[in-house]
1. Given a 1.4 angstrom probe, what's the average accessible area per residue across region B:328-382, in square angstrom?
2. If contacts are Cα pairs under 8 angstrom and at least 6 residues apart, what is the relative contact order of region B:294-382 in percent?
3. Looking at region B:133-226, which chymotrypsin sites (Phe, Trp or Tyr not before Pro) are in a loop (DSSP not H, G, I, E or B) and have at most 15 other Cβ atoms within 10 Å?
4. Quick check: Cα centre of region A:8-66 to Cα centre of region B:431-455, how many Å?
5. Among the listed pairs A:K23/A:K54; A:K54/B:K104; B:K104/B:K165; A:K23/A:K49, which are separated by more than 19 Å between their Cα atoms?
6. Please find the FRET efficiency linking B:E358 to B:K325, where r is the Cβ-Cβ separation and R0 is fixed at 30 Å, and quote it to the nearest 0.05.
7. Among A:S50, A:S66, A:S22, which one moves the most in a GNM of chain A with springs linking Cα atoms closer than 10 Å?
8. Using modelled amide H (1.01 Å from N, peptide plane; none on Pro or chain starts), what sits under 5 Å from the amide H of A:V213, excluding residues fewer than 5 places away?
Amino acid sequence: MHTAETTPLLLAVRDLNVAYQSKVVVWDADFDAPFGQLVAIVGPNGAGKSTLIKAALGLVPIASGSVRFFGLPYAEVRHRVAYVPQRESVDWDFPVSAVDVVAMGLYRRLGWCLPVRRRELDLARAALVKVGLADYASRQISQLSGGQQQRVFLARALAQDADLYLMDEPFASVDAATERAIVEVLRELRASGRTVVCVHHDLPTVPEYFDHVALLNMRVVAQGPVSSTFTAENLRKTYGARLTLLEEAAQAVERARVSLQHREER
Amino acid sequence: MTRRRVLFLVALLVLLLGGLSWFLSRAGSHVGHSHQSGEAHATGAPAARRGGKSITDTGIEWPSREKIWRTVSLADYNTRIVFAGVTALGAAGGLVGTFLLLRKRSLLSDTVSHCTLPGIAMAFLIGESMGLSGRSLPLLLTGASITGALGMLAVAAIRAKSRIKDDAALAIVLSVFFGLGIALLVVIQHLPTGNAAGLNQFIYGKAASMTADDAQLILLASLTLAMICAALFKEFKLLCFDTDFARTQGWPAVALDLALMGLVVAVTVIGLQAVGLLLVVALLIIPAAAARFWSHRLGVTILLAMTIGATAGLVGVAASALFPKLPAGAVIVLAAVVCFAVSFVFGARRGLLVRWLEQRGVATRVARQHLLRAIYEWCESHAHNRHADPLHLLEQPVPVADLSAANDWSEGRATRLLRLGSSEGLLAWTPGSKTSHLTARGKLEARRVTRNHRLWETYLLHYADVAPPHIHHNADQIEHVIEPDIVNELEELLAGGEGRVLVPADPEKPVPAMRGART
């Protein structure tokens, strides 16, 4: 396990450019994930938030730029990185149970051809317990609610026991119980020295849930600690002159200020 | 999972090894048996008998009792060969087809099978030009595999390198390769030495012409496919479920995909002779689709698909052995379709019948809840003292006419609902009586239903953006789905609401289990 001094940046993205066909989606993006923090990537729809993560993981081809995990190419440190895709990216009608899906996080450790054994199933069940789905282990995944499906994905990442977690919109359209369960898990991860990077869409909750934020609109407009970076000025630069959004952002900033004050008082 | 998987593996191996050894021992005892290659008869009936028939004779010839017995007891060597080969083929089709179906590439198998035709024709031409027999099955199937794989790669390349959509890519490759194959067949027919008649069997299939060597080839190929699928079971499962995740974990998704499609090509090629390239897609997709109606477990689905495929093979061969005019390939597919139709209607997991019963259950439940809520609301609005004991509140006899008027029920509907309620012991009502009142159980149930309904209503009003889509608001007791503190919050909202009736108290005692109340 590396310490904060030796690898301050678990994920360092430099001058990243990604284009679909001829349309540029991410442009000269620089992004750093500091050690042991909860990091949000926020920005308007189509700003390239998910693409940034996918490009870092090699899921979409990058036009130029470099991505380093723990100072190394991703292929060399896959076992230290866990990825939580968007829930909509898979067919939940697939004939597997929740615990089967979670066990998929352990396939890599198992290696080729070896079947899932009791040890893996126990680890998978333990991960399901952490997300509050202990009773749903053998449930077929189409019989879970959307929030529960999201938690199954989270449990799969937890089972990997990684140092860095990349999550694509884990809070997208989940119920209140799931949102609380996820926040709880994120905080536990931080407490145990893990780093989490979340693509996030909900501005008001940024200050409450995250320590560090990157504002993205094709390029990274600003990044840094939430207290100094999540400002009305930066949000205006990120979201442009869209009035409703600005209004929302202004409220978010106000709430952020209040909640930070609360935190300091505590 | 571990035990299931071991069982799955063992079952596979036992099934296939048993079949193989049985077959080989039988085949061994028949060494020297003259193979009626090419035009061999599945039933072993003298070829002369069939040859003597006029082609205009279209009447059905019912098999004699002796013939049925000979077929069922596998007395004929050729029938045994065909049975063994086609059963193995059906099982292999079900196995690979399940993964193909879950990979959502069903139509790819149809394209691949059409792409084998030019390979067969070219292999024939090459064989003839080299002075070999153009009809050697291994040679023809090698050609078929090559162009089948080329077609599959062509689809993959078009999909990856152009903006042409999947379905168009499949259609283009299918028609180009099949057209080429037909053109080559015509060329072969015009060759002085050539005779393409033998090649047509690959289009429509001719199970009866299977020789011991052919059947052995199918068995060995099926066994190999089964071993590969067993070894790569978890890899294929991951690939089919979540390709992106597999890639981030370092699994070679492209190579695994190609391996899976390679298995599809293999099944297609060994199925060419028995069912023909037009119908081999059915052996891959129909058993898998039928099995999916019965189970939510991948291992079970695969075993069922293999069983259905093998059964369809058996039925098809038996039918064509008993009725020589029936083509085995088509009967195999029809037998699989019958399995599919049965599964579609009766399937335990997603069959039509199960869904219909569920729907009917929901309709009854909704009707019962309407009735109880209507009675509760009537009692509530006619109470002299709102804060009276809630159970006392529900004592009042309710005029049926009032209920109907308040809820816009027709006389028939009101009668039906009341009959339902009284048959379930929820209320006291006899046909023709003008009033009705709730029984003790009915009172508890009415309060539970009303409370649940109002809480759900409020929940949807306040949490509309996050309401989970999978919940049946009518079916689920809110406490079973929503966190207790949110339920408390909803209760406070309801109690504080201006002009809203208070939410009825949670019935102290659990309501006795009701038939069909919850599924």
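The values are calculated or read from the model by the stated rules, or taken from the named source; none is laboratory data. In this text, all values refer to a predicted model and were calculated from it rather than measured experimentally. Reconstructed Cβ throughout: ideal geometry from the backbone, glycine too, with neighbour counts over all protein chains shown. All accessible areas refer to the heavy atoms of the entire protein, side chains included, with ligands and DNA or RNA removed. Shrake-Rupley method; radii C 1.70, N 1.55, O 1.52, S 1.80 Å.
1. On a per-residue basis, 49 Å².
2. 23 percent
3. none
4. Taking the Cα centre of region B:431-455 as reference, the centre of region A:8-66 is 59 Å away.
5. A:K54/B:K104
6. 0.10
7. Between A:S50, A:S66, A:S22, it is A:S22 that shows the largest mean-square fluctuation.
8. A:A40, A:G224, A:V226
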